[in-house]
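Since every read-out is calculated from the coordinates, none of them should be taken as a lab result. Note that the coordinates shown come from a computational prediction; the quantities given were computed from them, not determined experimentally. Cβ sites come from the backbone with ideal geometry, for glycine too, and all protein chains shown count toward neighbours.
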Amino acid sequence: MSRIAEAFQHGKAFIPFMTCGDPDLETTAKAVRAAAAAGADLIELGIPFSDPTAEGPVIQEANLRALTGGVTTDKIFDLVRGLRTDVTVPMVFMTYANVIFSYGAERFIKTCAEVGIDGLILPDLPYEEKEEFLPQCRQYGVDLISFVAPTSDDRIEMIAREAEGFLYIVSSLGVTGTRSEITTDLASIVKTVRRCTDIPCAIGFGISTPEQARKMAAIADGAIVGSAIVKLFARYGREAPERVGEYVKTMKDALR
């Protein structure tokens, strides 16, 4: 069983996201360890990119802070290498295709496997173009995680049948960011997914409160939170890891 599959074996999964290098990589490392200790089942690590098309202002600003601070892909690989000396929860990278192309796709994916990254989430990679990276991902045992959005319609079954790791269900249209209310008929999307695959599915985009997380996890296998966590880094800077740990514990408790 892959580490990603294991993340969904202990009840509903809570998946926090953080931007690597915001405000610096040492703080990221502390926050990852705090999140893991607080019960995070899988951790998404954002590799900063200058034009993150799926991100709202909160994560855009985190990307800018990290890039201004001198973060590079190689430094992030070193970060993960260090984390893997004691962090056992699955970790996946969330980034953009250009980051991988500029690094060299095979070199990037091979290094992911070597340092202990379990999967890749690429918001700008359409399902129809996943062959750009899928052969290398399979060669090195890195899951290429697919998205299903409210607009996927008749493509949902096709995407679900070929999903790997877990299926990322986008809760609502638009970019990332906290939302006061999520009105998409997610239950029908999950029902369609369930007909096609046993792969777990987790809902992200817009979730920030324990109540929202509980509601989303009641529909799916887990909840993903990004902007609400990234706001803690913006507010507390190097003091954020303790706050991140407290937040993750609150959210995980809500899913139990």
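Quick notes on this one:
- Sequence-ordered 3J(HN,Hα) estimates for the stretch 220-234 from the Karplus curve with 6.51, -1.76 and 1.60 and θ = phi - 60° stand at 10, 9, x, 10, 10, 10, x, 4, 4, 6, 4, 4, 5, 5, 5 Hz, glycine and proline given as x.
- Each residue of the stretch 100-106 was assigned a 3J(HN,Hα) from its phi angle through the Karplus expression (A = 6.51, B = -1.76, C = 1.60, θ = phi - 60°), giving 6, 4, 5, 7, x, 4, 5 Hz with x at Gly and Pro.
- Per-residue 3J(HN,Hα) values for the stretch 148-153, derived from phi via the Karplus relation 6.51 cos²θ - 1.76 cosθ + 1.60 with θ = phi - 60°, read 10, 10, x, 8, 5, 6 Hz in sequence order (x marks Gly and Pro).
- Packing-based ranking of 131-142, 116-127 yields 116-127, 131-142, ordered from highest to lowest mean Cβ neighbour count within 10 Å.
- Of the peptides 189-199, 29-39, the ranking by mean beta-carbon count within 10 Å, highest at the top, reads 29-39, 189-199.
- 5 angstrom amide H check on ASP143, placed H, neighbours 5+ away: GLY119, LEU120
- Hydrodynamic analysis of the chain uses the Kirkwood radius over alpha carbon pairs. Inserted into Stokes-Einstein at 20 °C and 1.002 mPa s, it gives a translational diffusion coefficient of 120 µm²/s.
- For the chain, DSSP calls about 0 percent of its internal beta bridges antiparallel.
- Two-decimal ratio, the stretch 86-131, of alpha-carbon radius of gyration to 2.2 N^0.38 Å: 1.20
- Put simply, the convex hull of the Cα atoms in the stretch 1-78 casts, on average, a shadow of 6.0 nm².
- Compactness of the stretch 8-147 as Cα Rg over 2.2 N^0.38 Å, two decimals: 0.99
- Within a Gaussian network of the chain (alpha carbon springs, distance under 10 Å), most fluctuating of GLY245, GLY222, GLY70: GLY70
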